[in-house]
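Scroll down for the structure; my scribbles are underneath it.
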Amino acid sequence: MVPTLKAEKIDEAVKVADPQYTLCKMHWSHLVQSIIALSGVGHLYNQAPLLLSYIRAAMRRNVLDSQSCRSGGNLVFHITTPKRTAADASGDDMDPTKTHLTIPKSLPLLVVADGVLLPGSTIRVPVTTVKNINLVRSSLTLGNRLVSTVICVVTKEPDKNGVVNRLHKIGTAGVVVQVTGTNWPRPAYTLLVTGVCRVRLDSIIQEHPYPVAAVTQLTDTPSIQREDDAQVASLLAEFKEAAQKLVDLLDISGPGLSKLKAAVSQVPGQQLADLVAGLVRATLPERLEVLDALDLTSRIKITLPLLLRHIEKLKEVRDAEGNDDSSGKEVVRPMRRRLRGVPPPNIPPLEKDEGDTTELEERIKAANLPPEANKAAMKELSRLKRMPSHVPEYSMLRSYLDLVADLPWTTTAPETCNIARAREHLDADHYGLEKVKRRVLEYLAVRQLRGDLKGPILCFVGPPGVGKTSIAKSIATTLGRPYHRMSLGGVSDQHDIRGHRRTYIGAMPGRVIQALRTVKVKNPVLLLDEIDKLGISGIHGDPGAALLEVLDPAQNFTFTDTYLGLPFDLSQVLFVATANSLSTIPTPLLDRMEVISVPGYTQEEKVMIGQLHLLPKQLQEHGLTPEIFQLSKESIATIIGEYTREAGVRTLERKLGAMCRAVAVQVAEVLSCPEGDSKSEKVETATDFKGKIEERHEAGRDEHNTADQQLELDESDDHSAAKEEKPKMPEISLSRLRQHFTLPIVADQKMIQDVLGPPIFTSGLAGRVSVAGVAVGLAWTPVGGEVMVVEATRTRGDSGLILTGQLGSVMQESAKIALSWVRQHAAVLELEPDFMRDEELHLHFPAGAISKDGPSAGVTILTVLVSLFTDRCVRPDVAMTGEITLNGVVLPVGGVKEKLLAAHRAGLSTVILPAANKKDLADVPDNVLNEVEVVLVNSVGEVLQAAFDDGFPSVGSDTKPLTSKL
Ligand code: ADP
């Protein structure tokens, strides 16, 4: 129920909210307009007190049914035809002269360029000019309240030459019923204004910050409002009949229709003319003419031709559509939308670009939509045809239908899957990755044999730069299908996947539908990149759940995007996902995918990839050839060892690019000097060439470095484009180059340093492990394995155990377990029984800014503690990993391959691993196993034996071997 308030309270509220107190005194027909507008959605400003007062005022006039109720937080009104009282029956209420509506003597002006507000209609005015913005800010609103509501809307009039310069003399006093907009980043508002009555602009009494004019209210004189004149009465009857016809033809239904019908039969003549002029299409001058017509006869005489013209046009459209409109009843368009639209100037009346919709219709027909979708699209198309092109809904509907026409409902790319060729493709594009390639081939083979495309979704998991995206691209090339990459990193709104409801401003389809529109076939390879970085579910819904709907073969053949609103068959799309880590992928999503892990590369693999794939690619991208520039295996190995620290090869690729750029500059310089000059120049050798680079480097080391980095970034951005276009390379005259350099230019250590600067990474372990209380652990991170030096010190104090390095709770517990074990075995370790008295222990895990967690540092912490308390150094070439229990049992851990690769990269010769991890060694490349000695251990005793030079005979292996739990 509408809350009832005491009359005084309402009056109080009204005084605060509407100081002019004009609305409550308004004629009921205007009041109904205002209430309808007020009950619209999307109020920025809190109108509750004002609204309540209007409701009460309306109820007093019997306009609102007392059954009005609250629903879902919105007030819902049942608008009824007013119960005619004795006074009404005598025609008193219908007589506008009895309206006690008084307009203030001066009103702020809202100047509009392309619209006319007529009394009784409502228009939406975008506020763009500075003065109009000032008006909204200084006069209408205060904070988030609408403080004043009555303004004068006046149109800027075009002169004979079409130049808009002066204000029209007659304007309309209107009530601002809604202000929407924002103050940030720039102020932008939209006002919803309902016209109340005509006013004449007498003089401008203020220009800044917004114009204010002295106005005279133009009240229609009683003599011409009396509809008793026979001629006027017949004209009015004709007008009412035509208006009734228009209402019948209009595309509205529900309460709006009955209200409009009631208005046509009951509203007094001159207001009906305004109402109708607001409904029909007309140009700006025509509307201004209606506004200028002050007496009933001329107003009707001006409006009637416009009305008849509109009816004619509607009939034509209806005839053209035949019976298609029989279901028109379903189309509900609120009356206020109709009322709102005012066509921009210079639009020829009622002329819409018919060719435009015909072309659209043809495109929709050609798109071969499924029957249901076709029916829905045709219905929307017929709505579009009937809609005036200036209403905001027109462009929204138009973009929607464009999308429907653009989507590949039936277009498929012919599949060219051939396993032999697929193998060739994969081998040509990727070095190593045998397991991954084998799995991809199996997958493709099954697809080829089954002939359909259903099956698990492949998900490549591994550190960055190991070729996950590039394998997905190869799959697309092999299958001959278009490829589209959809980056999911940071997507936290389910609507990004599923699309936004069409009713929202700026609504868009979801990413999947957009991708299909781009690729133009319904069976592309869609790469869901960084699926592990998908935002978690929050106020904007769960994007993971939305993606599930896309991926699940049981549902995705009828995937319904919220924007599109029609089911689209995604079952032929081949989805491939990539991720850095499995832990953040939502479990239901993970369930639908087949995980293929793409681990990091060994040093040797990187050298091979660099030489066979990355260098040729970079040479080509820089317009060079192997005859001009070469990098030996050793040089590539130096770059990998001294300038990169990564599991993949992306940085290596960038560094190779930097080398190529340096050479390209020199080559281009030589080629750009005139031929005659070159002959006189002395012949340079490769060493001279390197010297040149060095000179430059010395001259502006800093600038060079920044520019270098910048170029690297640009280059990585441009990669795909460059690759796709493959520009034809101009021929480089080698003979000319030979006059300057010894070809090919072979990069050596010195040139690498000149171009890339001093080595970035040196073996970080040298010298760090040769003190007691330090040991090397191995950690797994989403970007590959890492070696981690763990340090411990003891000082006087009573804080017990201090841990630093952003450790998670699991790691803190490991530290406590290790300390307990040491305390328990103090005697065996030959420590004093109270070795910790008055002392505190500080354990630190470097890379202190990065948070770490996980149980696998257990053995390292224990070794560090034993080393510290016994004052013995751990072997500097040993790294270790493993979880420990209170009883000293070593439990298996994950990421063994990555950890071993990291130890190998760091030049460590021995790795202590839990014995239960033995099976994981099968994944480790042979050359790593040949160079790194793996010591498999079951107990802490065995760890200590291996970690210290002379072992720890006193501790021994006091635990039984553990049977694997994995
Ligand atoms: P990811 O998607 O795993 O982050 P990309 O697929 O973008 O990595 O690979 C980065 C670059 O490394 C690409 O240029 C790719 O061609 C190259 N690359 C990675 N692995 C290999 C490989 N095994 N053989 C050849 N090139 C590779």
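Where a number appears in this text, it was derived from the coordinates with a stated rule and is not lab data. Keep in mind it's a predicted model, so treat the numbers as computed, not measured. Heads up, the Cβs are rebuilt from the backbone with ideal geometry, glycines too, and the neighbour counts pull from every protein chain shown.
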Test of understanding: what is the full-extension gain from GLN806 to LEU921, defined as 0.36 nm times their sequence separation minus their Cα-Cα distance?
38.4 nm
Let me know the shape class of the stretch 596-668, please: from the alpha-carbon gyration tensor, a ≥ b ≥ c as square roots of the eigenvalues, rounded when a/c is under 1.5, otherwise prolate if a/b is greater than b/c, or oblate.
prolate
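For the stretch 448-540, rounded, prolate or oblate, judged on the Cα gyration tensor with a ≥ b ≥ c (square roots of eigenvalues), a/c < 1.5 rounded, else prolate if a/b > b/c? Don't jump to the answer; show the numbers that get you there.
Working: a/c = 2.25, a/b = 1.41, b/c = 1.59.
Oblate.
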I want to make sure I understand the PRE zone here: with the label point 7 angstrom from the Cα of ALA772 toward its beta carbon, which residues in the stretch 780-811 have backbone N atoms less than 13 Å away?
792-795
Please label the shape of the stretch 259-313 as rounded, prolate or oblate, based on the square roots a ≥ b ≥ c of the eigenvalues of the alpha-carbon gyration tensor (a/c under 1.5 means rounded; beyond that, a/b larger than b/c means prolate, else oblate).
oblate
From the Cα centre of the stretch 869-942 to that of the stretch 447-520, the distance in Å is 39 Å
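Eigenvalues of the Cα gyration tensor times 5, then square-rooted: what semi-axes does that give for the stretch 811-935, in whole angstrom, largest first?
Numbers: eigenvalues 156, 45, 42 Å².
After diagonalising the Cα gyration tensor, the semi-axes are 28, 15, 14 Å.
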Seen from all sides and averaged, what is the projected area of the convex hull of the Cα atoms in the stretch 455-598, in nm²?
8.3 nm²
Sites LYS375 and LYS105 - FRET efficiency at Förster radius 60 Å, r taken between beta-carbons, to 0.05
0.55
Give the long-range amide H neighbours of VAL598: residues separated by 5 or more places, or on another chain, with amide H under 5 Å away, using H modelled in the peptide plane at 1.01 Å from N.
VAL461, GLY462
For the stretch 538-599, with equal point scatterers placed on the C-alpha atoms only and solvent neglected, what are the log10 I(q)/I(0) values from the Debye formula at q = 0.12, 0.20, 0.23, 0.27 1/Å, to two decimals?
-0.35, -0.88, -1.06, -1.24
